[in-house]
Amino acid sequence: MPGPWEKYQQTPAVPLGFRIVSQPTPSQPRFPDVPVQTAPAAPANVFDQFDAPAADPWAAFPDAQPSGAAAKRDRLPQPGPWTKYTGVRSSLATGTSAADPVTLEINGHRVEVDSSFRSMPHDQQQATVDEIAKSLPTAGPWTKYGASASSQNVTQVKAPDGSIVEFPDGTPDDVMAKAMQEKFGGPTAPAPTQYSTAADVGLSFGSGVPRGIVETAMFPVTLSRMVEGAGNYLYNKAENGVRYAIGTEPLSEEELARREAGINASPAYGLQDRTREIMDAVLHKPQTTAGEYAGTLGEFVAPGAVPSKAARLAATGREMAQRVGEDLFGNIVVPAVTSEGAGQATEGTEYEGLSRFLGALFGNVGTAAGRAYNAPEAVVRRATSEMTDADWRRALGLQNNTTGVRLTGPEAISQATNGASALPNLLRVVEGSVDGGARTGPFFAARPGQVDTAVGHVLKQIAPPSARPHSVGPQAAEAAANVIDRTRQGINAQTRPLYDAAQQQIIPQAQFAPIAADPRFAAGLARLRGNPELAPDYAHLPDNSIGVIDAVTKDLAARGEALRNTANPLYGPELASRSTAAAADARNLATTQSPEYAQALAEQEALRRTVLNPLERGPVGRVAAAQDTSTAGNALLPQNPLAGSAGEAGDATRRLVAEDPAATAALVRQNLADRFGRANTETQSGSREFAGAKFHKDVAGNDTRQEVLDAVLREIPGGQAAASMPELLDVLQATGRRKQIGSATEFNRSLNADLGGAASPTGLAIDLVKSLGTSVVRAGDAVKRAALRSNLRALADMFIDPQSVELIRNANNRGATIGIGDALGRTAAEAGGTIYAPPGGR
């Protein structure tokens, strides 16, 4: 049979999301039992919906209570079968007339039924409530905002026809306006502007940047809010745990809400919320998914653009650009994409804000982990972990040398540590690969020319190249002979006074007779008297004078030495010994008879032993005896000098420079140039890349060679070569720290696999079909080879960079630890505000 609700079937359904608590005055009363109250005139347009509500919105209903009497209104008059519906309430209060209509709240909607509802049996009342509940929507649009339909906190809006409409507190304005439009009509709100995807992306990104700047400026407030919120959450959890342990009820929703409201009561938090509301109202709201990603990307620009440690430590403009690019991608793009992706996956749920925060954290931590375990930098760090600050400074000096010879970072570092570095082995691996060799090849191909220029520059500082190199040796030999003659003359000049005093002295005839009877002495005396050049000097002296005897003994000694020489056609050892013996006998007689002569001979002997003989037997004597340029040069700069011979090499050079500076400098230059030419000989493969290292080994390969070279160069006029040569030799030795590539078996295998198509998509597909899936392993190998090639290229670029040492040092300084602290701080700045954003509010 028809029920009392039948007359309401024609009543329009209660609009989704709101309830009408004050109806307009119809021409005929809808409810005969309800007094009619005249409604105010309708507003001019729909925008009057936001006018202040009436003082008492319940006054339109006779059974309504004054505002603020919610507790009495919510009481049911008697238990009924509908009590199992949590959303069913009756407005009937104690003392209400039985003829008055009954107001029910069913599933969040206020519905009035006539007074006959009171007299129905319970089962019929239950049926009535069930029937009404079926005709009502079960949820309002506010549910996505977390507001309960039965919430007592409401927003009241006046409709165009004078009705008062309630919405759950916190319902967005656009939702209320849409509901009012659908229910009451009125001016149609302008349709939102339609944007193309590209335009939406641009506008969203442009709006995201200032939002990110503002959020970054508010970061201290956001951080404080996060800390307080986390503390409150943990405290509540702990308290509920204690309550559970002691068997008491957990904290009520009202208490939890009260505590959260207490935290959010800070004026700073309110100002932050208001600032975000203004940005929401002013800035463009993304209309497409791509726009939402672009907006998030823009928001992350400001907090993510802070340069990382790697960018701050960049040694070169190129490295800085590379590091900044990595920062932009790793600190902005990656966390923005992961944050927005997580937000899209949980959009509209209570976990959306937290998901966005965790997504950004995942992106930032992942980026930090990827940087920490960068393969090229990891192996570089292991190879340089034991270097000291002094090693780094010396390596930087070698890298920035003034010779013009460019060194790789591994070469400079190995030289700085005296070979105690594993980097040259790593460089050898890089060079041996196809990808690494393609980058290092041009670098090393330019080295022979660089070394030629550097060595040539220092040689020019010694002397200009000679147009007649074969004449350089004889000229130097002549200078050396002159040095010896001058030394002999000096000795004679020093003892001349003694000789002059003794030469007039006469040996008694009795003592002279045995000497005069010796045929060798007699022959020598005859040669003296018959020599047209010497005879006049001794014509005034008798045969038994000290002066004549001294001259004859010198002739006999020279004759004996000449006859002892096997190359002499008159070679005769017996004649040589007899001539020497005759000279000795005559000299002994003269020294016995003349103390002055004896002293003169003693001083002569001492000076010859200590001055003349070392000179004749040392570098000067060897240069003087040289017949060609090579012999003369090797006499001054021997390839295998005697240990401790640097002093005599420097003395010989000084004496030769004093005699003929041009010839001496030309000889030194020619010797070094010839030795560099031999070192610069091409190998079988035509390479000259190690010529500098070979030259260093030849002229300064050990301490003695280095000392002799330094001693000789210090005596060359000008001193420029002596100042430049040490740096040049240091750099040339560094070029020798580079390891030979050696066997290329492994690289050949990898290259053959690539050339055979194993790494190509077609090759992988064919192998997959042929092997029925087992070639997936080969596909994995291809991926590893691709990663290897990429890492080898990265290492090659690092090693041949002009600032290679700085790049290697920066890689070492960055360390292998994951920057969790930086990642957390950046995440808090980028996405900290999302935690408190309402679902769907981003």
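Remarks
- Remark on Glu112: its backbone amide H falls under 5 Å from those of Leu104, a criterion applied only to residues 5 or more positions apart or on other chains, H modelled at 1.01 Å from N.
- Cα-only Debye scattering, the stretch 213-283: base-10 log of I(q)/I(0) at q = 0.13, 0.20 Å⁻¹: -0.51, -0.87
- Neighbour net charge for Leu251 - beta-carbon separation under 12 angstrom, K R +1, D E -1: -2
- Taking the average, over residues, of other Cβ atoms within 10 Å as the packing measure, peptides 644-652, 632-640 rank 632-640, 644-652 from highest down.
- Near Thr155, the amide H atoms lying under 5 Å from its own belong to Phe167, Asp169; only residues 5 or more places off or on other chains count, and H is placed 1.01 Å from N.
- Values of log10 I(q)/I(0), in the order q = 0.25 Å⁻¹, for the stretch 506-593 under a Debye, Cα-only, solvent-free model: -1.22
- Ascending count of other beta-carbon atoms within 10 Å, so fewest first, for Ser804, Ser224: Ser224, Ser804
- Residue-by-residue Karplus 3J(HN,Hα) for the stretch 711-728, coefficients 6.51, -1.76, 1.60, Hz, glycine and proline x: 5, 5, 5, 5, 8, 6, x, x, x, 5, 5, 4, 7, 8, 4, x, 5, 4
- Ranked by the mean number of other Cβ atoms within 10 Å of their residues, highest first, the peptides 712-722, 255-265, 549-559 come out as 549-559, 712-722, 255-265.
- Under the Karplus curve 6.51 cos²θ - 1.76 cosθ + 1.60, θ = phi - 60°, whole-Hz ³J(HN,Hα) for the stretch 491-508, x wherever Gly or Pro sits: 5, 4, 5, 5, 9, 4, x, 5, 5, 4, 6, 8, 5, 7, 6, 10, 8, x
- What the phi angles of the stretch 797-813 give under the Karplus curve with 6.51, -1.76 and 1.60, with θ = phi - 60°, is a coupling list of 5, 5, 6, 9, 5, x, 10, 4, 4, 5, 4, 5, 5, 4, 4, 5, 5 Hz, glycine and proline written as x.
- Three-way shape label, the stretch 417-465, alpha-carbon gyration tensor, a/c 1.5: oblate
Values in this text are rule-based calculations from the coordinates and carry no lab data. This is a predicted model, so every value here is computed, not measured. As a convention, Cβ positions derive from the backbone with ideal geometry for all residues, glycine included, and neighbour counts pool all protein chains shown.
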